[in-house]
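In what follows, a single structure is set out as C-alpha cells and then discussed.
The values are calculated or read from the model by the stated rules, or taken from the named source; none is laboratory data. Keep in mind the model is a prediction, meaning the values are calculated, not measured. Cβ sites come from the backbone with ideal geometry, for glycine too, and all protein chains shown count toward neighbours. Just the protein is used for accessible areas: all its heavy atoms, side chains included, with ligands, DNA and RNA removed. Shrake-Rupley method; radii C 1.70, N 1.55, O 1.52, S 1.80 Å.
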Amino acid sequence: MARVPYLRREDADDSQKPLYDRLEAERKVPTANIFLALANAPAQLDAFLTYANSLRAADLSPRLRELAILTVGHATRSAYEVAHHRSHGLKAGLTEEQLAAVADFESSDLFDETEKAVMRLAEESTLRVDVSEKTWRAAAAFLTDKQMVELSLSIAWYNSGVRIMGLLNIDLEENYPNPFPNPFPQS
C-alpha cells in the first residue's frame with residue numbers, strides 16, 4: 001500500500017485541475033499511480049512531467065532509451081518500472097523476446113553491440129553509480145556527445161524514478177502483470 005494517498009481529479013481543488021488536464025493529455029488514462037501519488041506535491045509533479053517529456057524529445061533513439069530504462073528496472077527489480085515500460089519498449093520497436101531477455105542481455109544474441117553497450121552503461125551506473133572508462137567508451141563509440149548526455153540523464157532520471165516508487169511504495173496497477181512475482185520472501 002502506498003505511503004501517501006493517491007490524489008485523483010475529484011480530490012483536487014480548482015487550481016490543480018490544469019495539472020490533471022495535463023496528466024490526461026500527456027500520459028495514459030487512467031492516470032498511473034506514480035502520478036497520483038506525486039500529485040500530493042503538485043509543483044514538483046508539474047516539473048517532473050516537464051523533465052520526463054524533455055527526455056522523450058531527445059535525439060537519443062526511443063529504442064535505446066527504453067532499453068536503458070528497462071535495464072534500470074531489471075537491475076533494481078522495480079516491477080513498476082518494468083511493467084510500465086514494456087509497452088513503451090514495444091512501441092519503440094523491441095520484440096517480446098527482447099523484452100524477456102533484458103535481464104540477461106549480456107548472454108543474449110537478441111541485442112546488437114550498440115544496444116548491449118547502452119544496457120551495460122545503464123546497469124553499471126545503476127548498480128555502482130560510477131561507470132568505468134571502458135563501459136563509457138563502448139557506448140560513446142556509437143553515440144554523439146549529445147546523445148551520451150541524453151542517455152546519462154535518462155539513466156539517472158529513471159534511477160530516481162525507481163527510488164521514488166520504492167520510497168512511496170507505489171502499487172502496481174491491476175492491469176499490469178508483475179514481472180517479478182513474490183520478489184522477496186515474507187518474514
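Can you say whether Arg77 is open to solvent by 10 Å² or more (accessible area, probe 1.4 Å), under 15 Å from Trp157 (Cβ atoms) and among the charged types (D, E, K, R), as far as the supplied structure shows?
Considered against the rule, which asks whether it is open to solvent by 10 Å² or more (accessible area, probe 1.4 Å), under 15 Å from Trp157 (Cβ atoms) and among the charged types (D, E, K, R), Arg77 comes out as no.
Got a number for residues in the range 86-115 being among the charged types (D, E, K, R) and either within 18 Å of Tyr158 (Cβ to Cβ) or surrounded by 18 or more Cβ atoms within 10 Å (Cβ to Cβ) (or both)?
Residues meeting the conditions: 3.
Among (1) closer than 18 Å to His88 by Cβ; (2) in contact with a helix residue (DSSP H, G or I) (Cβ under 8 Å, 6 or more places away or on another chain); (3) hydrophobic (A, V, I, L, M, F, W, C); (4) assigned to a helix (DSSP H, G or I), which single condition is Ala37 missing?
Of the numbered conditions (1) closer than 18 Å to His88 by Cβ; (2) in contact with a helix residue (DSSP H, G or I) (Cβ under 8 Å, 6 or more places away or on another chain); (3) hydrophobic (A, V, I, L, M, F, W, C); (4) assigned to a helix (DSSP H, G or I), the odd one out for Ala37 is (1).
For Ala12, only one of the following conditions fails: (1) over 21 Å from Val82 (Cβ atoms); (2) modelled with pLDDT under 90; (3) open to solvent by 40 Å² or more (accessible area, probe 1.4 Å). What is its number?
Here Ala12 meets the rest and fails (3).
Go through (1) assigned to a helix (DSSP H, G or I); (2) closer than 20 Å to Glu174 by Cα one by one and return the number of the condition Ala68 breaks.
It fails just one condition, (2).
Output the residue which, of all residues in the range 24-50 that are of a type in the set (S, T, N, Q) and open to solvent by less than 80 Å² (accessible area, probe 1.4 Å), is nearest to Val162 (Cα to Cα).
Asn33
Which is touching a helix residue (DSSP H, G or I) at 6+ places or on another chain (Cβ under 6 Å), open to solvent by 80 Å² or more (accessible area, probe 1.4 Å) and modelled with pLDDT under 95, of Asp59, Asp21?
Asp59
Pairs under 7 Å by beta carbon, first residue outside any helix (DSSP H, G or I) in the range 43-61, partner not basic (Lys, Arg), six or more apart or different chains?
Hits for this filter: Ala58/Glu150; Asp59/Gln147; Asp59/Glu150; Leu60/Gln147; Leu60/Glu150; Leu60/Leu151; Leu60/Ser154.
Kindly indicate which of Thr126, Thr135 is among the β-branched types (Val, Ile, Thr), crowded, with 16+ Cβ neighbours inside 10 Å and more than 23 Å from Arg56 (Cα to Cα).
Going through Thr126, Thr135 in turn, just one is among the β-branched types (Val, Ile, Thr), crowded, with 16+ Cβ neighbours inside 10 Å and more than 23 Å from Arg56 (Cα to Cα): Thr135.
Go through (1) within 21 Å of Lys28 (Cα to Cα); (2) in contact (Cβ under 8 Å) with a residue 12 or more places away in the chain; (3) open to solvent by 30 Å² or more (accessible area, probe 1.4 Å); (4) not hydrophobic (A, V, I, L, M, F, W, C) one by one and return the number of the condition Ser160 breaks.
Evaluating Ser160 over (1) within 21 Å of Lys28 (Cα to Cα); (2) in contact (Cβ under 8 Å) with a residue 12 or more places away in the chain; (3) open to solvent by 30 Å² or more (accessible area, probe 1.4 Å); (4) not hydrophobic (A, V, I, L, M, F, W, C) leaves (2) as the failure.
Just to be sure I understand the filter: pairs with C-beta atoms under 6 Å, separated by 6 or more residues or on different chains, first member in the range 118-138 and among the hydroxyl-bearing types (Ser, Thr, Tyr), second member open to solvent by less than 80 Å² (accessible area, probe 1.4 Å) and in a loop (DSSP other than H, G, I, E, B). Which pairs pass?
Pairs found: Ser125/Val131.
With the condition kept exactly as written, say whether any residue in the range 16-33 is part of a helix (DSSP H, G or I) and touching a residue at least 40 places away in the same chain (Cβ under 8 Å).
Checking the range 16-33: at least one residue is part of a helix (DSSP H, G or I) and touching a residue at least 40 places away in the same chain (Cβ under 8 Å).
Is it true that some residue in the range 87-104 is within 12 Å of the chain's Cα centre (by Cα), more than 20 Å from Arg27 (Cβ to Cβ) and not basic (Lys, Arg)?
no
Somewhere in the range 73-92, is a residue aromatic (Phe, Trp, Tyr), in a helix (DSSP H, G or I) and closer than 29 Å to Leu7 by Cα?
Narrowing the range 73-92 to residues aromatic (Phe, Trp, Tyr): 80.
Of the ones still in play, those that are also in a helix (DSSP H, G or I) are 80.
Subset that is closer than 29 Å to Leu7 by Cα: 80.
The answer is yes; a qualifying residue exists.
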